[in-house]
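A short worksheet on the structure shown next.
Read the figures in this text as sums done on the coordinates, not as results from a lab. All values derive from a computational prediction rather than experimental measurement. Here the Cβ positions follow ideal geometry from the backbone for every residue, glycine too, while neighbour counts run over all protein chains shown.
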Amino acid sequence: GQNIDQPTEMTATEGAIVQINCTYQTSGFNGLFWYQQHAGEAPTFLSYNVLDGLEEKGRFSSFLSRSKGYSYLLLKELQMKDSASYLCAVRDPKGKLIFGQGTTLQVKP
Amino acid sequence: DTEVTQTPKHLVMGMTNKKSLKCEQHMGHRAMYWYKQKAKKPPELMFVYSYEKLSINESVPSRFSPECPNSSLLNLHLHALQPEDSALYLCASNAPNTGELFFGEGSRLTVL
């Protein structure tokens, strides 16, 4: 079966750091993706991890531990425009991307 | 060109209408996808085309009919839809090296 868990909602303060966790149990693994989606818009790609470790891209970093079935997305120096939904997605060996339910992040002044 | 273009952006149709959603990409990607997204829910996979052949159909009702005329185009033909089919329909294409999905802006469909 496929199960991807992430918190439903999070709130953080402008300028702070926030970590969004994602745990997964899937039949096969071929990479983990994080997407950002603003209300009414299409998802946009943030990061991709296929090997264990940390991938850094500007204010955004993503970490993967395959043995633990765990990933997190770290957002630094939060800005108001970072208020959005963050989707964790796992790609299965057939190439299908399976999305978690998404975490709605609200950044407050 | 790193865009996936979808038309129309908004569509309102009755349950007896026939309409089509269109998607186009010129990135040379050979896999293209249709996803359906309801409000506050993640995208749900509907169809996958790989090298212009339908490779995955996620048990989608036959009132949705996909078509891939060539490697750059993907259509979704709609007929006899139900109000519960109202949603954002997202097209995506797949970068071969990373598997990253590039999404279009979506077509917001309302069925009356």
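Within segment B:13-25, the set of residues being surrounded by 13 or more Cβ atoms within 10 Å (Cβ to Cβ) and more than 15 Å from residue B:68 (Cβ to Cβ) comprises B:13, B:15, B:17, B:19.
Can you confirm whether segment A:13-20 contains a residue that is over 27 Å from residue B:7 (Cα atoms), hydroxyl-bearing (Ser, Thr, Tyr) and away from every other protein chain (no Cβ under 14 Å)? Yes, segment A:13-20 has at least one match. Residues of segment A:25-37 that are under 28 Å from residue B:105 (Cβ atoms) and either more than 12 Å from chain B (Cβ to nearest Cβ) or among the acidic types (Asp, Glu) (or both): none at all. Quick one: which of A:53, A:58, A:40 is small (Gly, Ala, Ser), without any contact (Cβ under 8 Å) to a residue 24 or more places away in the chain, within 14 Å of chain B (Cβ to nearest Cβ) and out of contact with any helix residue (DSSP H, G or I) (no Cβ under 9 Å at 6 or more places or on another chain)? When all the criteria are applied, what remains is A:40. Only residues that are crowded, with 21+ Cβ neighbours inside 10 Å and more than 10 Å from chain A (Cβ to nearest Cβ) were counted in segment B:95-112, giving 2. The set of residues in segment A:78-98 that are under 19 Å from residue A:3 (Cα atoms), assigned to a loop (DSSP other than H, G, I, E, B) and either more than 11 Å from chain B (Cβ to nearest Cβ) or among the aromatic types (Phe, Trp, Tyr) (or both) contains only A:93. Look at residue A:73 and say whether it is away from chain B (no Cβ under 14 Å), crowded, with 17+ Cβ neighbours inside 10 Å, touching a residue at least 40 places away in the same chain (Cβ under 8 Å) and closer than 23 Å to residue A:3 by Cα. Against the criterion (away from chain B (no Cβ under 14 Å), crowded, with 17+ Cβ neighbours inside 10 Å, touching a residue at least 40 places away in the same chain (Cβ under 8 Å) and closer than 23 Å to residue A:3 by Cα), residue A:73 qualifies. Quick one: count up the residues across segment A:1-32 that are touching a Lys or Arg at 6+ places or on another chain (Cβ under 7 Å), part of a strand (DSSP E or B) and of a type in the set (Phe, Trp, Tyr). Total meeting the criteria: 0.
Listed here are the residues, each with its yes/no results for (1) of a type in the set (Ser, Thr, Tyr); (2) more than 9 Å from chain A (Cβ to nearest Cβ); (3) exposed (fewer than 13 other Cβ atoms within 10 Å of the Cβ); (4) touching a strand residue (DSSP E or B) at 6+ places or on another chain (Cβ under 9 Å).
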| position | (1), (2), (3), (4) |
| --- | --- |
| B:27 | no, yes, no, yes |
| B:42 | no, no, no, yes |
| B:46 | no, yes, no, yes |
| B:52 | no, yes, no, yes |
| B:61 | no, yes, yes, no |
| B:66 | no, yes, no, yes |
| B:70 | no, yes, yes, no |
| B:93 | yes, yes, no, yes |
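Scanning segment A:35-54 for residues that are within 13 Å of residue B:99 (Cβ to Cβ) and part of a strand (DSSP E or B) gives A:35, A:45, A:47, A:48, A:49.
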